[in-house]
Every structure is written in structure tokens, then in C-alpha cells.
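Contents: one structure, followed by commentary.
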Amino acid sequence: MTERANTVFSRVVAAVTGGGLVSLLRTRTIVVLVLLLLALVAGIELARPGTVNALWASNMLLFAAPLGIVAAGQTLVMLTGGIDLSVANVATASAYLMATHSGLGVAPAILYGLGVGIVVGLINGIGVALLRVQPLVMTLGTGLMTEGILVVYSQKKMADAPRVPQFIEDLGAGKSLGGIPNDLIVWVPIAIVLIFVLRRTGYGRLLYAIGDNSKACRLEDSPAQLCHMRPACSSRRSHHRWRHQLCRTQAGRGLPPAVRGRSDHRRNFDLRRPRRIFGHHRRSADPDRAEQHSYLARRARVGSSDPLWHHHPPSRSGLHPPDKLINNPYGKTLAHETPRTRRRPRPHGRDAR
Amino acid sequence: MITPSEGKSPIMAVRATSNMRLTTRFWRSLRRDPSLFFMPALLVVSLAMTVVIHPQFSDFDLQSLAMGALPLAFAAAAQTVVVISGGIDLSIGSVMAVANVLAASTMEKASFGQSLLLAVTVLMAGAAIGALNGLIVVLSRIPDVVATLTSGFIWGGIALVILEKPGGGAPQEFLNLGTGTLFTAWLPNALVLLVAAVGLIWIPLRRSKLGLQLYAVGSDRIAAFRSGVNIDRTRFAAYIFSGLFSAVGGLGLTMTTGIGAPLAGVYYTLSGLGAVVIGGISLAGGRGRMLGPVMAAFVLTLIPTDLIFLNIDPNFGQVIQGTLIVVIVMVGGFVDKERSRK
């Protein structure tokens, strides 16, 4: 959404501020968020002087942590261009199952909670990545299923312990070391792992690549289908374990040799561990590059049946100058289309069946 | 998702069928759009199941079915317009809630004539809200999922500001528009209202130039642009109609419940989306008919009723609804794949 530069909104802002601010805000969305946060805190302090203090901040963090963890999972899904509508239901189910099984002890109760997330996430992932149901529909469906099953279950099953174990309660609601909420101790590692995965591993790069142009990814033979599957597993409690597994399997070595070994891949759409974080990262997220590359991959498949083959035979390096791609007789959309098979002409009139 | 067989343009469909036999037209439209046959069949099957389960099925049951399905059908209709144009509107429930509380809070002491005037005002407010949504989506280029989700939060809050807790009311004659029966006991007013409202808004729209443009923009935005369709204006119009249908749904909610409830609308966003999906509308846009989602709304209302008659927990209805959504989309995907392979 940010690369659509010529929106009316940004033009208006540019006219008011002279353009420099717009480019800053467009490239660094986080600046906007920090400014907004500061403005909100200042607003609270102005409205009720004396509200903002250490206790207030610690309480805010306590309440923000669950939302932050859910948002972390949603981030992964949305980077691939999908959406997960089932997170709220899964989080509720996870909490409920954990609470009702707390008689079994701390570890089994947490496992039950994580299990809900993993099961629903796995179903979502199978539906989205393998069966190709739109993410919106799939997660809407599983969300409804989870909610319905939970309500039915909650009428049958009573809690087997009067309250959740002290450890879980402390983990979720307690504070330690003079006001640091324990939630934060769960949230911060998840955030760090997530940022690391997105910036430094091939898996994170694949997520961006799929969101940019999943067709190109598929043509690259990158494990896009598996890639869809993992982030769909997003529940409040399941992140932790899941993310660790991802790091282990995907950091550089998980990709097939076809992707690793070819020089033009490395130059253009490097799906492996980046050498320089920012330079490579930005280039791979460039939609024109992705498009160009998908064109190359497609041409490799289609071969000489592609009419453009005769106009622009492949160069030695396997790269086309982007302007040749843009000026092709089909316009820019060509690169998005998969090769079509020739269709028989259909009979008309009475024989239409 | 867009396969060659989906690439039919509505223009072609209209022109090619104009001087054709009725049976040929039927089979062709059936082949193009299996949901045309599938949805009525599903509705008939679920109605038959209800009658088998509950042999005392009477006019009263039919009335309560129509009343229960009325707001959901309008929510589905609102979603359908936007989805056909290639977008999605997650603020429908909140807009319905705003319309509901607006109507209930202002009509409480009004006469029947005044309440009709107020209803028109509410409809215009709904269209204005839709227009605002459309403006946000078109001008800011924020993806419509995000834009309408956030504006949904705003309208949900405004509904709470207008009416803090469930209350208000409307004159009995106005409520009778949605709850009573006018002609025979087997033809509830809710059904008449639904058919009239959807027919009056949707059929002229679909037959107009704008309707064609809606389908064109939904099926392939770039192709539509190159054919001279003003994409921004078309999407904007889709959101206006979505707001209008949501407002009708809010009024329907007022008629069937008799009060205004600021939180009642929330349920209809996702259920309406479910009905759209079950009704055979492709979320990729550009395909589908209004009949499917409206019938799907009736099916979705029948499921919990049947479960109650069967002495099963009606909350399993949600599970069935979710399964139906996923399975239908999956089967639709396979059918499309098979057809495009031919």
C-alpha cells in the first residue's frame, strides 16, 4: 500500500509540508506510529495531569501485550497477502481450554492452549496453501467452527480446578522487578524472534516475496506453498514454539538447490540469507524486479511458444532490461499471467450443452 | 483464481442470449454459474428437512424464518455489491447498527407517516456512510479490508454514542412492515419487503451501465480500465449501494426486534460474508448473482432452527456454517479448475 505513491492523500500532505516529510513518512511508517503514540500519551497527560507515571505505563504494557502477540502472528499472515480472521476465536478457545484443564498442572494446561492454536493454524494452512481456498474465507470458516465448538464444549465441560495455577496467573497478570509486567517477558522474545526471522532469514524474505507476487514465487520453485502454511498457525500461545522451529528449518538451508544455485536468482530475488540487510532486502521487495523475474521464469517454462520470445531472445545473463519488459506489446500485465492452454472453440446455439 | 472460463464479460452474456431459446439460455447460464441451480436446491433441501424434522411446520414458522433471515439477507446483499466490484466491506454490521439505533431512537414517539419519513432519512444516512467508506478506500488506496474494518470500529462507536443501551422503539404499523402478514398467513411481510427492496435496488442497478461496470471492475480491473471504465467511480458507487443495503438491513433489524440495540449489528458482518461465500459469489470479484446470498441467508437461519427441533445444541449451527463456507469454496475451486482444464 505504501508504494502507491501518487495518492491524493500524500499529494495533499506534500503540498502542505513541502514533500520532505512525506517521503520520510512513506519510507518509515514506524515514525508515524511513534509520533501518534507520543501524541496520545501527551493528550492523556493534558486531559488528566498526573496520570502518566511508571505504574500507568506498566499497566498499559500489561494490557497491550496480548494484543501485541496476536498482532505478531497476524503480521506474518498479512505479509503473504493473506488475512487471519480466526485469531480472536482461537485466542478465546486457547484461553478457555487452558483454564478448564488447569487441574492437570501447569505444563499440560499450557500445552492444551498451544494445541488449539496449532490445530486450527494447521487446518488454516492446509486450506490456504494446499487446497487454495482464499485466506479470508478459510479463516472465517475455521473461526466460526472454533467458536461454535467452544460454546458447545463450554456448556458440557466444567472447570476441573477452582482457579488457574498460580504460575499461569503470574505469567499473564503479574509484575516483577518493581513493575515490569510478566507479559512483557513473553512478548519481547516473540517480537525479537519475529523481527530476526523477517529481516535475517530466507523464510522472512520468502514471506515478503510471496506478498509481492506469489505467482512469481511459484514460478521460482520456491517453497511458497509451505511458506503459506506456517504463518497461518497463529495463535496467541503458539508463536513461541513455532517461530523457533522456523528459524531452525529455514535459515538459509531449507530452500531447494534450484533456488540456491542460480546466479541470477542471487542477484535479483535473493531468497537466501541476505548479506547486507537493507540493500538486498529493499531490492527484493521491489515489485518491478519481482515482475521482471517472474517474466523470466515464465519464459523459461513456455519456451518458444511465447510470442515475445522472438522479439526479445534471452540474453546471456538471463536478464532483460526492465524497459523491454514494460514496453512489450501486451503491456505490463503479461508478467502476472500464467501460460494459458489453447481452448477449443465452443459450439453455439442449440448445441451449447 | 481468474481462469479463462471466468473471463466472460456481462456484455457478452446479455448480447448472446437475447435471441436464444429459453432452454438453451437456461443450460448456458447453469453451466456458467452452477450456483444458480445449487442455491435454490440447497434452500429446498433444507426447507424439506425442516418439514421432515418438524412436521407441524406452520405459517408461524415461515414468518419467524423470514423475520430471522431479513437482516442477514440485507447484510449479504450489501456485501454482495461490494464483493462483485472486487472489494470487501467489513463495516456492514456497524452501519446496520447505526441505522438500527438511529431509527429506534427517533421513531419512538413518531406517527406512522413520520416514521416512514425517518426511514428514508436513515436510508440516506446509510448511503452517506457508504459513500464515506468508498471515499476512504478510493482516495487513500488503503486496502479495503483495512479501511472498512477500521471505519467499522468508528461506526460501531457512533452507534453506542447514539444509543447507549438497547432501547427505543417504533410505531406498531411500522413494525408490522417486517413482522406481520398482509395478504395471506403464508406470505410474511418480511419476505415481501425483502423481495421488494432487493428487487427495486438491485435489478435496475444490474441492468444499468453501472451494473456492467461493477462486474467489469470486479472481474479484471486493468481490462476494465482499458475499456474506458472509471474504476474509482465504480468502486465508490459500490460502497454507496453497500451502505444503502446496510441501512435497509438496519431498518429490518428495527422492524423484527422492535428496538434499537447498538451491539446487535456486529454479528451480521461475518455472517453476511459467510452468506455471500455460500451463495456462490467469488471473493475475487466479478461473478455471481444476488439470488445466491439472499437464499444462503435463509439457509443459515434454518440451520440453528433445525438443530433446536432435533434437540441438538444450536451452537453447532456455527460449526456447520463454517464447514459449509469452507467446503463450498473448496468445491467451487475444484469445479473451476476442472472447467478451465477442458
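The values are calculated or read from the model by the stated rules, or taken from the named source; none is laboratory data. This is a predicted model, so every value here is computed, not measured. Here the Cβ is made from the backbone with ideal geometry for all residues, glycine too, and neighbour counts use every protein chain on show.
So here's what we get for this one:
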item	result
Flag for residue B:81 being at pLDDT 90 or above and out of contact with any strand residue (DSSP E or B) (no Cβ under 7 Å at 6 or more places or on another chain)	yes
Test for residue B:330: is it in contact with a Lys or Arg (Cβ under 9 Å, 6 or more places away or on another chain) and among the aliphatic types (A, V, I, L, M)	yes
Hits in region B:264-286 - residues which are facing another protein chain (nearest Cβ under 10 Å), surrounded by fewer than 24 Cβ atoms within 10 Å (Cβ to Cβ) and modelled with pLDDT under 85	B:283, B:284
Only listed residue being modelled with pLDDT under 85 and within 14 Å of another protein chain (Cβ to nearest Cβ), chosen from A:52, A:133	A:133
Residues that are within 9 Å of chain A (Cβ to nearest Cβ) and at pLDDT below 80, drawn from region B:310-333	B:333
Lone qualifier among B:126, B:134 - being within 23 Å of residue B:198 (Cα to Cα) and within 14 Å of chain A (Cβ to nearest Cβ)	B:134
Index of the failed condition, residue A:222 passing every other in (1) assigned to a helix (DSSP H, G or I); (2) at pLDDT below 75	(1)
Of residues in region B:210-228 being of a type in the set (Gly, Ala, Ser), more than 14 Å from chain A (Cβ to nearest Cβ) and surrounded by fewer than 23 Cβ atoms within 10 Å (Cβ to Cβ), the one nearest to residue B:285 (Cα to Cα)	B:211
Residue under evaluation residue A:131, criteria (1) touching a residue at least 24 places away in the same chain (Cβ under 8 Å); (2) farther than 17 Å from residue B:270 by Cα; (3) among the hydrophobic types (A, V, I, L, M, F, W, C), criterion not met	(1)
Of residues in region B:287-309 being within 14 Å of chain A (Cβ to nearest Cβ) and assigned to a loop (DSSP other than H, G, I, E, B), the one nearest to residue B:37 (Cα to Cα)	B:288
Residue ID - surrounded by the most Cβ atoms within 10 Å (Cβ to Cβ), chosen from residues in region B:29-59 that are within 20 Å of residue B:190 (Cα to Cα) and over 24 Å from the mean Cα position of the chain (by Cα)	B:57
